[in-house]
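Student: The structure follows.
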Amino acid sequence: MAANDTPPLIEKRSIDYIPEAERHGRLLSQFTLWLGANLQITAIVTGALAVVLGGDVFWSLIGLLIGQLIGGGVMALHAAQGPKLGLPQMISSRVQFGVYGAAIPIVLVCLMYLGFTATGTVLSGQALGQLFGVSDSTGILMFASVIVLVTVLGYRVIHFIGRVASVIGVMAFVYLFSRLMSQADIGALLQIRHFSWSSFLLAVSLAASWQIAFGPYVADYSRYLPSRTSSLKTFLAAGAGSVIGAQVAMILGVFAAALSNGQFAGHEVAYIVGLGGTGATAALLYFSIAFGKVTISTLNSYGSFMCIATIISGFRGRLDVTRWQRLGFVLVIVGAATLIALLGQHSFLGAFKSFILFLLAFFTPWSAINLVDYYCITRERYDVPALADPNGRYGRWNLLGISVYVFGVLVQLPFISTKFYTGPLVAALGDVDISWIIGLVLPAGLYYLCAKKWHSAVPDHLILPPEQGAAPIITRPVAQA
């Protein structure tokens, strides 16, 4: 593809390597994509939880910011892998877990994003129902149709939607904040400062978990950038967009919950729209809420498609996926999420969301292992062709990575606090879930120590697939010190 050629509207690649000739895009698109993905109603609700569950405004805002920076740093480190490897995020897990073994964390990631898509579809269905005067169920089906279309079109359209969503989101949030400032004494709220370690850590955990949840698919949306793209600039672009967007949304949620006198919980969409007014203004806000969810719900569906394709390709030994297969995967994923949304919109959705949050514990150790291996052990020296070969360098099952992963999951269990499951040490910590801290730090340290001794041979350089008939780079494997 010539440098000035326009990339195709419908993405032809899936989980396979992106050749240099097909690379395109700018770092600004990383910023706008993640800004738009976070300026949305679920982030508002997440921020509001810090106050609904007992925190004051001032310390909740500080705790949320700290959590954004920690979790956003983890998320952005994954994003920086995309341009260098030219691959979706979860494919690279085969280096740490083996070609077959990588399916273990990927299955759980698929379930989590399926749940996130379902819960987002419920909120979007409510907004579309109010906007068009139809039932919530009809709104859910309308929203699901849009998600299928955008997910099938793929990478380029997703980034375009992200740019539009960021503009709409900024306008909607500026308006809502201006209305909030005119209706409430924000200064008085900030003067109420009752510090509590449990409430403060809760706010940190809410924001950090929110950001870390993007880790398993963030590189999916940076992999088309030219390989010469600076890793630091990719880190800053994706991280800044995500942190700024999420923090702005959560600040609005904190103020809204503090001013609601108990009216926020259970009526989140209606309450936020009510801050902005009625009539045409309310209609525009309902539209902005629904459109804001398009970006993140598409990311969840697209990421789920990548995960399922990764699992299947590992056992079949090929990375290519046809467009018809892609359409079939997307219909199954979005169809399942829509069914869950329709069944759960009035009853078990709250418990289901707790189950999804419980699943976070199963991929936090994956994130720790992947980052330590990429940045500290292999230092970006991957053999990309071998990722599709069960008999190659990375083998079928990597017992080192799998063992540390299992340890990372088990060591979190005493610290998890959800409606689905609560660990025995949670009460002693003031009912605060710090499992994500345990799941990041301990597996990272253990994997680093073990991999320095027992990691398999690492190439001298990054080995990429051949392009335009050229032979791949051949390097001499060297044992890791």
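The values are calculated or read from the model by the stated rules, or taken from the named source; none is laboratory data. Everything quoted here is computed from the prediction, not taken from an experiment. Using ideal geometry, Cβ is built from the backbone for each residue, glycine included, and neighbour counts are taken over all protein chains shown.
Student: For the stretch 102-148, enumerate the residues that are part of a loop (DSSP other than H, G, I, E, B) and either in contact with an Asp or Glu (Cβ under 6 Å, 6 or more places away or on another chain) or closer than 22 Å to GLY82 by Cβ (or both).
Tutor: Matches in the stretch 102-148: ALA102 only.
Student: Quick check on my filter: what residues within the stretch 415-458 are assigned to a loop (DSSP other than H, G, I, E, B) and closer than 22 Å to GLN68 by Cα?
Tutor: Within the stretch 415-458, ILE416, THR418, GLY430, ASP431, VAL432, ASP433, ILE434 qualify.
Student: Ok, one more. Of the residues ALA127, ALA213, which single one is over 30 Å from VAL74 (Cβ atoms) and in contact with a helix residue (DSSP H, G or I) (Cβ under 7 Å, 6 or more places away or on another chain)?
Tutor: ALA127
Student: Take the stretch 393-423 and flag every residue that is more than 23 Å from ILE463 (Cα to Cα) and hydroxyl-bearing (Ser, Thr, Tyr).
Tutor: Selection gives SER403, TYR405, SER417, THR418, TYR421, THR422.
Student: Here is a further query. Among the listed residues SER242, SER222, identify the single one that is out of contact with any Phe, Trp or Tyr (no Cβ under 8 Å at 6 or more places or on another chain), modelled with pLDDT of 90 or more and within 30 Å of GLN81 (Cβ to Cβ).
Tutor: It is SER222.
Student: Within the stretch 130-175, how many residues turn out to be charged (D, E, K, R) and in contact with a helix residue (DSSP H, G or I) (Cβ under 8 Å, 6 or more places away or on another chain)?
Tutor: 2
Student: Please work out if ALA270 is in a helix (DSSP H, G or I) and crowded, with 24+ Cβ neighbours inside 10 Å.
Tutor: no
Student: Is one or more of the residues making up the stretch 427-438 surrounded by fewer than 17 Cβ atoms within 10 Å (Cβ to Cβ), touching a residue at least 24 places away in the same chain (Cβ under 8 Å) and closer than 28 Å to SER227 by Cβ?
Tutor: no
Per-residue answers, yes or no, for (1) surrounded by 22 or more Cβ atoms within 10 Å (Cβ to Cβ); (2) out of contact with any Asp or Glu (no Cβ under 8 Å at 6 or more places or on another chain); (3) over 26 Å from SER60 (Cβ atoms); (4) among the basic types (Lys, Arg):
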{"residue": "SER198", "(1), (2), (3), (4)": "no, no, no, no"}
{"residue": "PRO216", "(1), (2), (3), (4)": "yes, yes, yes, no"}
{"residue": "SER230", "(1), (2), (3), (4)": "no, yes, yes, no"}
{"residue": "LYS233", "(1), (2), (3), (4)": "no, yes, yes, yes"}
{"residue": "ALA238", "(1), (2), (3), (4)": "yes, yes, no, no"}
{"residue": "GLY241", "(1), (2), (3), (4)": "yes, yes, no, no"}
{"residue": "ILE244", "(1), (2), (3), (4)": "no, yes, no, no"}
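Student: Is there a residue being at pLDDT below 85 and among the aromatic types (Phe, Trp, Tyr) anywhere in the stretch 14-22?
Tutor: No, there is no match, as no residue in the stretch 14-22 is at pLDDT below 85 and among the aromatic types (Phe, Trp, Tyr).
Student: For the stretch 305-328, which residues satisfy the criterion of being within 23 Å of PHE363 (Cβ to Cβ) and either surrounded by fewer than 20 Cβ atoms within 10 Å (Cβ to Cβ) or modelled with pLDDT of 80 or more (or both)?
Tutor: Residues satisfying the conditions are PHE305, MET306, CYS307, ILE308, ALA309, THR310, ILE311, ILE312, PHE315.
Student: Is at least one residue of the stretch 242-249 part of a helix (DSSP H, G or I), touching a helix residue (DSSP H, G or I) at 6+ places or on another chain (Cβ under 8 Å), of a type outside the set (Ser, Thr, Tyr) and over 27 Å from GLY154 (Cα atoms)?
Tutor: The answer is yes, given that some residue of the stretch 242-249 is part of a helix (DSSP H, G or I), touching a helix residue (DSSP H, G or I) at 6+ places or on another chain (Cβ under 8 Å), of a type outside the set (Ser, Thr, Tyr) and over 27 Å from GLY154 (Cα atoms).
Student: Is it fair to say PRO414 is more than 26 Å from the chain's Cα centre (by Cα), without any contact (Cβ under 8 Å) to a residue 40 or more places away in the chain and farther than 15 Å from LEU360 by Cβ?
Tutor: no
Student: When you go through LEU49, LEU64, LEU77, LEU33 one by one, which is the residue that is closer than 18 Å to ALA213 by Cβ and touching a His at 6+ places or on another chain (Cβ under 8 Å)?
Tutor: Just one listed residue meets the conditions, LEU33.
Student: Only residues that are of a type in the set (A, V, I, L, M, F, W, C) and exposed (fewer than 15 other Cβ atoms within 10 Å of the Cβ): list them for the stretch 403-412, please.
Tutor: Of everything in the stretch 403-412, those that are of a type in the set (A, V, I, L, M, F, W, C) and exposed (fewer than 15 other Cβ atoms within 10 Å of the Cβ) turn out to be VAL406, LEU410.
Student: Next question, about the same structure. Looking at ALA188, ALA165, can you tell me which residue is assigned to a helix (DSSP H, G or I) and buried (at least 22 other Cβ atoms within 10 Å of the Cβ)?
Tutor: ALA165
Student: Condition first: touching a helix residue (DSSP H, G or I) at 6+ places or on another chain (Cβ under 8 Å) and either β-branched (Val, Ile, Thr) or modelled with pLDDT of 95 or more (or both). Now tell me which residues in the stretch 413-436 satisfy that.
Tutor: ILE416, THR418, VAL426, VAL432, ILE434
Student: What tally of residues in the stretch 7-46 results from selecting those that are under 20 Å from the mean Cα position of the chain (by Cα) and more than 20 Å from ALA165 (Cα to Cα)?
Tutor: 2
Student: Restricting the stretch 382-402 to residues that are under 25 Å from the mean Cα position of the chain (by Cα) and outside any loop (DSSP other than H, G, I, E, B), which is surrounded by the most Cβ atoms within 10 Å (Cβ to Cβ)?
Tutor: Looking at the filtered set, the residue picked out is GLY401.
Listed here are the residues, each with its yes/no results for (1) surrounded by 24 or more Cβ atoms within 10 Å (Cβ to Cβ); (2) closer than 30 Å to PHE143 by Cα.
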position	(1), (2)
GLY54	no, no
ILE62	no, no
ILE70	no, no
HIS78	yes, yes
LYS84	no, no
ILE91	yes, yes
ARG94	yes, no
TYR100	no, no
THR121	yes, yes
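Student: Would you please list the contacts, defined by Cβ atoms under 9 Å and residues six or more apart or on different chains, that run from a residue in the stretch 109-134 that is without any contact (Cβ under 8 Å) to a residue 60 or more places away in the chain to a residue that is outside any helix (DSSP H, G or I) and surrounded by fewer than 24 Cβ atoms within 10 Å (Cβ to Cβ)?
Tutor: GLY129/SER135
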